[in-house]
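See below for the structure under consideration.
Quick note: the coordinates plus some simple rules give every number you see, no bench work behind them. Please read these numbers as outputs of a predicted model, since none were measured by experiment. Please note: Cβ atoms are built from the backbone with ideal geometry, for glycine as well, and neighbour counts cover all protein chains shown.
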C-alpha cells in the first residue's frame with residue numbers, strides 16, 4: 001500500500017481477469033460466500049416462518065420459561081457469530097494471499 | 001397510574017439537561033479539533049480514509065444502533081414479548097450480507113458514494129442521479145424515524161408535554177446536528193459515532209447486569225416475573241404471535257417485515273458510506289466484524305432490558321407514558337437507579353438520536369453534492385473540489401431543516417416501525433442494484449435504472465396506500481382511509497419486483513462494457529489502484 005504514483009499506462013484488465021490466478025481467487029470467493037449466503041438466509045427464513053406459523057412448536061418449553069422459540073432465536077445469534085469467524089478465517093487464509101499477489105503484480109508492474 | 005406520574009416527575013429536568021449538555025460540549029470540542037484537518041473533499045466525505053477497522057467498526061455500530069434499536073426494540077419486547085425480539089434478529093443477521101457480499105467489494109470500487117460504484121461501468125449521469133435519489137429517500141425515512149423518537153423522548157424526560165415545546169427541542173437537536181456535520185465533516189461525525197456507541201453499549205451493559213442481578217442472573221426467572229406482572233394471559237409474552245400472530249394477514253405482514261430487515265442493512269446508504277472511511281478492503285472487513293460483535297451483543301442486552309422493563313415497570317405503565325413503548329428503557333432506568341440513571345440513559349438516548357441523524361445527514365449531503373452537483377449538473381468538470389464541499393455543507397443545512405420539520409410532524413409515531421419502512425426502501429431500491437453490479441457481468445444502465453426507480457416507486461406507492469398511512473387507528477392519518485394494499489410493510493412485494501425489474505431491464509438493453517467490467521471485477525477483488533491514495 002506504499003506504492004507510489006499511478007503510472008499512465010493502464011494495466012490490461014481483461015488479461016488479468018482471465019488469468020488462472022484471478023479465476024482461482026474469484027472461484028474461492030464465490031464458492032464460499034454464495035453457499036454461505038443461501039445457508040444463512042434459509043436458516044433465517046425457516047426461523048421466521050416457524051415463529052410466524054408454528055406457534056405451538058415454538059412455544060414448547062424446554063426448561064423454566066425458556067422455550068424452543070427463544071433458543072432458536074439465540075441460535076441465530078450464534079450462527080451469525082460463527083459464520084463471521086469462518087469467513088474471516090477463509091479470507092485470511094485463502095483469499096488475501098492471492099489477491100495481494102495479483103495486486104502487487106498490477107501495481108508493481110508499471 | 002401512580003408509577004407513571006413518578007416516572008415523569010421523578011425525572012430531574014435540570015440533571016437530564018446537564019448530562020446531555022456535557023455530551024454535546026465534549027463532542028463539539030472533538031468535532032472542532034477534527035475539523036482542523038478537513039481540507040479536501042476526501043476529508044469531508046471519507047475522513048481521508050484514515051480510520052482503522054476497529055474505530056470504524058465501533059462507529060458503524062454507533063450509526064446502526066439507532067433510537068429504534070435501543071428504545072424501540074426494548075419497548076416492543078416489554079409490550080409484545082417474543083415478537084419484539086424478532087426485530088433484533090433480522091437487524092443482526094442482515095450484517096452477514098454486508099460482510100460476505102458487499103463491504104469489501106464496495107470499498108474497492110467506489111470513492112464516497114453508491115453512485116461511484118454504479119458509475120464505474122455504466123452511464124455516469126443517469127445512474128448517479130438514480131443512486132442519489134434513492135439515497136435521499138432512504139435517508140429521509142430514516143431521519144423521520146429518529147426525529148419522531150426525539151419528540152417522545154423529550155416529552156418523557158424534560159416534562160414538556162405541549163407540542164410547541166417539543167417542536168422547539170426537536171429544532172435544537174437538529175441545529176446541533178447540523179453544526180456537527182458542516183464543521184466536522186465525516187471525521188467529526190465518525191468521532192461522534194464512536195463516543196456515542198461507547199456510551200450506549202456500556203449504558204446498556206450496566207442496566208443489563210443490574211436487571212439480571214435482581215433476578216439472580218436467571219433469564220428464565222426474569223421472564224417469569226414479566227409474565228407475572230401482566231397477570232392473566234401474561235404467558236403470551238414468552239411465545240411468538242402476540243404482535244403479528246392475530247390474523248393470516250398480520251402473519252404475512254411479519255414475513256414481509258422480516259425480509260425487509262434482513263435485506264435492508266446492506267442497502268442503507270449511511271452504512272455503505274462508512275466503508276469508505278477506512279484505507280483498505282481488509283480494514284473494511286475488520287470493521288464489519290467488529291460491528292457484528294458489538295451489535296449482536298447489544299441486541300442480547302435489549303432482550304434482557306425489554307423483559308426487565310416488562311417485569312419491573314409493567315406494560316400498562318409503559319403504554320400509558322408519554323412516548324408509549326419507546327419509553328420502556330428510560331422508565332426501566334428510573335426503576336433501577338432513580339433520577340441519576342434515568343438522566344444518564346436519557347442523555348445516552350438523546351446522543352444516539354443526534355449521532356444517527358448526523359450520520360444520515362452527511363450521507364445524504366455527500367450524495368447530493370458528489371453525485372448530483374459535481375457529476376450530473378457540472379458533468380464532472382467542476383475541478384473546484386472546494387465548491388463541491390461547499391454544496392455538501394449547504395445541502396446538510398437544507399436536509400437538517402427538512403429533518404426538523406419532518407420530526408415535528410412525525411412526533412409520536414412508533415420508531416421501530418418507521419425504521420422498518422426505511423429498511424424496506426433500502427432493500428428494494430438499493431440492494432438489487434448493488435448485488436447485480438458487483439457480481440453480474442451482464443448488468444447495465446437500464447437494469448440499474450429500472451431496479452432503482454422501479455423498486456423505489458413500488459415501495460413508496462405501497463407504503464402510501466398501506467394501513468400504515470391511513471385507515472386504521474394506528475395509522476399516520478387515522479381519520480381518513482385510502483388504503484388498498486393490505487400489508488403495513490411493502491418488502492414482500494417490492495423487493496422481488498426490484499430484482500426482477502433489474503434483470504429484465506439489463507436483458508432488454510444491448511449496452512455492455514466488458515472491458516470496464518473486467519477492470520471493475522479485478523479491482524473489486526484485489527483492491528488494486530484503490531488503496532494507494534493514502535499511505536499509512
Item checked: Top of A:53, A:44, A:87 by mean-square fluctuation, Gaussian network on chain A, Cα under 10 Å -> A:53
Next item on the list: Show that you can apply the helix-only estimate: for chain B, add -39,500 (n - 2.57) for every DSSP H stretch of four or more residues, divide by all residues, and state [θ] at 222 nm to the nearest 500.
Entry: -24000 deg cm²/dmol
Check: Can you list, largest first and rounded to whole Å, the semi-axes you get for region A:36-108 by taking the square root of 5 times each eigenvalue of its Cα gyration tensor?
Finding: 41, 13, 6
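Let me know the shape class of chain B, please: from the alpha-carbon gyration tensor, a ≥ b ≥ c as square roots of the eigenvalues, rounded when a/c is under 1.5, otherwise prolate if a/b is greater than b/c, or oblate.
Values: a/c = 1.79, a/b = 1.43, b/c = 1.25.
It is prolate, given that a/c is not under 1.5 and a/b is the larger ratio.
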Check: So how far, in whole Å, is the C-alpha centre of region B:416-452 from the one of region B:344-383?
Finding: 20 Å
Checklist line | Where labels lie 7 Å past Cα in the beta-carbon direction, separation of residue B:514 and residue B:123 in nm | finding: 2.2 nm
Item checked: C-alpha center-to-center spacing [region B:190-215, region A:86-110] in angstrom -> 38 Å
Next item on the list: Residues in region B:418-448, backbone N under 20 Å from the label point at residue B:482 (7 Å along the Cα-to-beta-carbon vector): list them, ranges by number please.
Entry: none
Next item on the list: Could you grab the relative contact order for region B:348-438? Cα pairs under 8 Å, six or more apart, rounded to a whole percent.
Entry: 25 percent
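Shielding by partners for B:285-297, please: the mean number of other protein chain Cβ atoms within 10 Å of each residue's Cβ.
On the way: counts 7, 1, 0, 3, 6, 0, 1, 5, 4, 0, 1, 6, 2.
Per-residue shielding by partner chains comes out at 3.
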Check: What whole number of Å gives the distance from the Cα centroid of region B:66-95 to the Cα centroid of region B:17-35?
Finding: 29 Å
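By its C-alpha gyration tensor, with a ≥ b ≥ c as the square roots of the eigenvalues, how is region B:185-276 shaped: rounded for a/c under 1.5, else prolate for a/b larger than b/c, else oblate? Don't skip to the end; give the middle numbers.
Working: a/c = 4.21, a/b = 1.30, b/c = 3.22.
It is oblate, given that a/c is not under 1.5 and a/b is not larger than b/c.
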Margin query: Only counting other Cβ atoms within 10 Å, I'd like A:74, B:487 sorted with the fewest neighbours first.
Written below: A:74, B:487
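Given that compact globular proteins tend to follow 2.2 N^0.38 Å, what is the ratio of the alpha-carbon Rg of region B:428-536 to that value? Working shown, then result.
Numbers: Rg = 19.2 Å, N = 109, 2.2 N^0.38 = 13.1 Å.
Cα-based Rg divided by the globular estimate yields 1.47.
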Check: Kirkwood hydrodynamic radius (Cα pairs, Å) of the protein assembly as shown?
Finding: 24.9 Å
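From Cα pairs below 8 angstrom and at least 6 apart in sequence, can you work out the relative contact order of chain B, rounded to a whole percent? Don't skip to the answer; put the middle values down first.
Working: 1033 pairs, mean separation 159.7, N = 536.
Relative CO of chain B lands at 30 percent.
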Check: Cα axis of helix B:163-214 to longest principal axis of chain B: angle in degrees, 0 to 90, nearest 10?
Finding: 50 degrees
Margin query: Helix B:445-464 against the longest principal axis of chain B: what's the angle in degrees, Cα atoms only, rounded to the nearest 10?
Written below: 20 degrees
Next item on the list: Taking every pair of Cα atoms in region B:401-462, average 1/r, invert it to obtain the Kirkwood radius, and report Rg/Rh to two decimals.
Entry: 1.13
Notebook entry, point to check: Mind listing the Cα extents of region B:80-227 along all three principal axes, in Å, largest one first?
Noted result: 60, 43, 28
Margin query: Testing the spin-label approximation: label points 7 Å from Cα along Cα→Cβ at residue A:94 and residue B:473. State their distance in nm.
Written below: 5.5 nm
Item checked: Protection-proxy order for peptides B:489-498, B:458-467, each taking the mean of Cβ atoms within 10 Å per residue, highest first -> B:489-498, B:458-467
Check: Once you average over the residues of A:54-63, how many Cβ atoms of partner chains fall within 10 Å of each Cβ?
Finding: 3
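Counting only other chains, what is the mean number of Cβ atoms within 10 angstrom of the Cβ of each residue in peptide A:64-73? The partial results should precede the final answer.
On the way: counts 6, 14, 4, 5, 1, 8, 9, 0, 2, 7.
Mean partner shielding for this stretch: 6.
How would region B:71-163 be classified by its alpha-carbon gyration tensor: rounded, prolate or oblate, with rounded meaning a/c under 1.5 and the a/b versus b/c comparison settling the rest? Kindly include the intermediate steps, with their values, before the conclusion.
Values: a/c = 3.72, a/b = 1.73, b/c = 2.15.
Oblate, because a/c is 1.5 or more while a/b does not exceed b/c.
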Notebook entry, point to check: Using alpha carbons only, how many degrees (0 to 90, rounded to 10) separate the axis of helix B:13-35 from the longest principal axis of chain B?
Noted result: 20 degrees
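Can you check how the C-alpha radius of gyration of region B:333-408 compares to 2.2 N^0.38 Å, as a plain ratio? Numbers along the way, then the final one.
Working: Rg = 18.4 Å, N = 76, 2.2 N^0.38 = 11.4 Å.
The reported ratio for this selection is 1.61.
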Item checked: Fewest-first ranking of B:389, B:227, using other Cβ atoms within 10 Å as the exposure measure -> B:227, B:389
